[in-house]
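All remarks here apply to the structure that follows.
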Amino acid sequence: MTKLKKLVQSIQSEYLKLELPEMRVGDLVRIGVSIQEGNKQRVQPFEGTIIAQHKAGLNSTLTVRKSLQGVGVERVFPLHGPCIISIQVIRRAQVSRAKLYYLRNRTGKATRLKQKFETLPPVWIQSTEKDSTQSK
């Protein structure tokens, strides 16, 4: 690796957010966006489905789509930008595409995705096993 690349990576590492949840295309997410109105600052939630994900280190982006009063609204969020306050994954979906651009042409119930039910994380399973052995 050249000296220039190392320098760029050291500068970018300061701005990377480390506490991001695991997100995939098709997930329903709620993103808290910081909005400045005059001299006030507030957090506005934007809830929608991830239709595209661009992974490029500090330049990573999420494209989130929601339907608002019958009109589709898409927004591209920089993952590591200062305007993103929080990201919550609400529901996971089972998809077999990397990009869900076909949802742009669909409306109403046709935009629904099949929900993916996952097993519990191993940490939860271990803690419940310990609780059951202690109660005996």
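The values are calculated or read from the model by the stated rules, or taken from the named source; none is laboratory data. Fair warning: this is a prediction, and the values are worked out from it, not measured in the lab. Positions of Cβ are backbone-derived with ideal geometry, glycine not excepted, and every protein chain shown enters the neighbour counts. Calculation scope for accessible area: heavy atoms of the full protein, side chains included, ligands and nucleic acids excluded. Shrake-Rupley method; radii C 1.70, N 1.55, O 1.52, S 1.80 Å.
Just to confirm a number: summing +1 for Lys and Arg and -1 for Asp and Glu over residues other than Met23 whose beta-carbon lies under 11 angstrom from that of Met23, what do you get?
Value of the local net charge: +1.
How much accessible area does Glu37 have with a 1.4 Å probe, in Å² rounded to the nearest 10?
90
For the chain, with a Gaussian network of springs between Cα atoms less than 10 Å apart, report the residue from Leu62, Leu18, Leu28 with the top mean-square fluctuation.
Comparing Leu62, Leu18, Leu28 in the GNM, the peak value goes to Leu18.
Solvent-accessible area per residue for the stretch 20-104 at a 1.4 Å probe radius, Å²?
Heavy-atom accessible area per residue stands at 59 Å².
Springs between alpha-carbon pairs under 10 angstrom, Gaussian network model over the chain: which of Ser96, Ser86, Ser60 fluctuates most?
Ranking Ser96, Ser86, Ser60 by mean-square fluctuation puts Ser96 first.
What pairs in Lys55/Lys116; Lys40/Lys116; Lys6/Lys116; Lys40/Lys66; Lys17/Lys66; Lys17/Lys116 have C-alpha atoms more than 30 Å from each other?
Values: Lys55/Lys116 23 Å; Lys40/Lys116 39 Å; Lys6/Lys116 40 Å; Lys40/Lys66 26 Å; Lys17/Lys66 25 Å; Lys17/Lys116 27 Å.
Lys40/Lys116; Lys6/Lys116, as the Cα separations exceed 30 Å there.
Under the rule of -39500 (n - 2.57) per DSSP H run of 4 or more residues, summed and divided by the residues of the chain, what mean residue ellipticity at 222 nm is obtained, to the nearest 500 deg cm²/dmol? Walk me through the intermediate numbers first.
On the way: 2 runs with 25 residues, N = 136.
Calculated mean residue ellipticity at 222 nm is -6000 deg cm²/dmol.
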